[in-house]
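The values are calculated or read from the model by the stated rules, or taken from the named source; none is laboratory data. Note that the structure is predicted; figures quoted are calculated from it, not measured. Cβ placement follows ideal geometry from the backbone for every residue including glycine, while neighbour counts extend to all protein chains displayed.
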Amino acid sequence: MAYQSKWQHLPTEAINPDTLGIDRMPTLDIIDLVVQEDRKVVAAVQRERERIAHGVEIIVSALRKGGRLVLVGAGTSGRLGVIEATEMPTTFGTPARLVHAIMAGGQGAVFRTREGAEDNFEEGARSMARARITKRDVVIGVSASGITQFVRGALTGARKKGARIVFVTCWPGTELQNFVDLIIAPAVGPEVIAGSTRLKAGTATKMVLNMLTTISMIRIGKTYGNLMVDIHVGSEKARDRARRIVATVTGGTQDEATVWLKKARWNVKAALLMKLTGVTYAQAVRRLKTAEDSVRTALGKDLEQSLQDAREPS
């Protein structure tokens, strides 16, 4: 029987007719061409906006019920998942277990490709068992081509555990529609370099994952307006940001902000409530809990009004 490729029909493997002569083009022309192709990425992601919004709803519902968000992928897709999971604690003060990433080939594959790891369906399924996936969790499978066996194995394992499943791919024709809860599939077209999905597919995937995680964090109260009020303050940069946030919202100086942050054990949310409402640290924590961790709800005051008050002369 003649060999039949299962990849040749995929849009991520297609040959881009607009870049056939890229190896003999001047460098500036290549840059213009890449930018032109990247513009298609934004349009492709925009067309998926309703599906992305549905994905946010699925994630927020799970997180509010004590579930976790687990991202699983191989190669570039897996590394993008690792980036999202790694940055959540620093940006939004989440516990490390809340957003977790699983990479085909293990942690070492983040830095050095492990050939063949993406083809292991059974190992993907086992990874879900090791992660102790439950029906409260959401698993996001990430596969540009849509046919990565490790990811498919992981989704199969997650489905058996009753988890909600979101699949992010750049193959709109994937046949997994009846297997997962939601498919987000920006159709970015063929890559500048055929099959190099770290390019347009990677950019589209990064955008989608950014939206899914960031908007979900906003919805569960991790920001006040566009300010990161749940940040960890383990670095001088983070402590400086905390001071500036408290000073900006309260209209005080950064020295005054430092005093309130110390009283609040460097909890930005609590510091804001203590300064603006006169409550104690314990009372601020209780008020935030009652308000489902939302500073806006706990204060009963819009950020926009706070900033306006801060700008008005006394």
- Looking for whichever is within 21 Å of Ala53 (Cα to Cα) and touching a Cys at 6+ places or on another chain (Cβ under 7 Å) here; the options are Ala163, Ala144. Which one fits? Ala144
- The one condition in (1) farther than 20 Å from Ala44 by Cα; (2) under 18 Å from the mean Cα position of the chain (by Cα) that Thr248 fails to fulfil: (2)
- Message: Tell me yes or no: at least one residue of the range 186-201 is outside any strand (DSSP E or B) and more than 30 Å from Glu37 (Cα to Cα).
- Response: no
- Message: Given the criterion touching a Lys or Arg at 6+ places or on another chain (Cβ under 8 Å) and free of Cβ contacts under 8 Å to residues at least 40 places away in the same chain, identify the matching residue among Val56, Val110.
- Response: Val110
- Could you list, in sequence order, the residues of the range 210-247 that are aliphatic (A, V, I, L, M), assigned to a helix (DSSP H, G or I) and surrounded by fewer than 23 Cβ atoms within 10 Å (Cβ to Cβ)? Met211, Ile215, Ile218, Ala238, Ile245, Ala247
- Message: Tell me the residue from Glu13, Glu37, Glu57 that is within 21 Å of the chain's Cα centre (by Cα) and among the acidic types (Asp, Glu), please.
- Response: Glu57
- Message: So for the range 198-206 (the condition being of a type in the set (S, T, N, Q) and in the same structural domain as Lys40 (by TED's automatic domain parsing)), does at least one residue qualify?
- Response: yes
- List the number of the failed condition for Glu118; all other conditions in (1) out of contact with any helix residue (DSSP H, G or I) (no Cβ under 6 Å at 6 or more places or on another chain); (2) charged (D, E, K, R); (3) closer than 26 Å to Ala44 by Cβ hold. (1)
- Item | Count - residues of the range 254-278 that are out of contact with any strand residue (DSSP E or B) (no Cβ under 8 Å at 6 or more places or on another chain) and under 21 Å from Gly225 (Cβ atoms) | 16
- Task: May I ask you to list the residues in the range 34-66 that are more than 22 Å from Thr203 (Cα to Cα) and among the β-branched types (Val, Ile, Thr)?
- Result: Ile58, Val60
- Does at least one position in the range 137-151 carry a residue that is in contact (Cβ under 8 Å) with a residue 12 or more places away in the chain, touching a strand residue (DSSP E or B) at 6+ places or on another chain (Cβ under 8 Å), in the same structural domain as Thr197 (by TED's automatic domain parsing) and acidic (Asp, Glu)? yes
- Considering Thr258, Thr297, Thr248, Thr280, which residue is modelled with pLDDT under 95, more than 30 Å from Ala53 (Cα to Cα) and not assigned by TED's automatic domain parsing to the domain that holds Arg68? Thr248
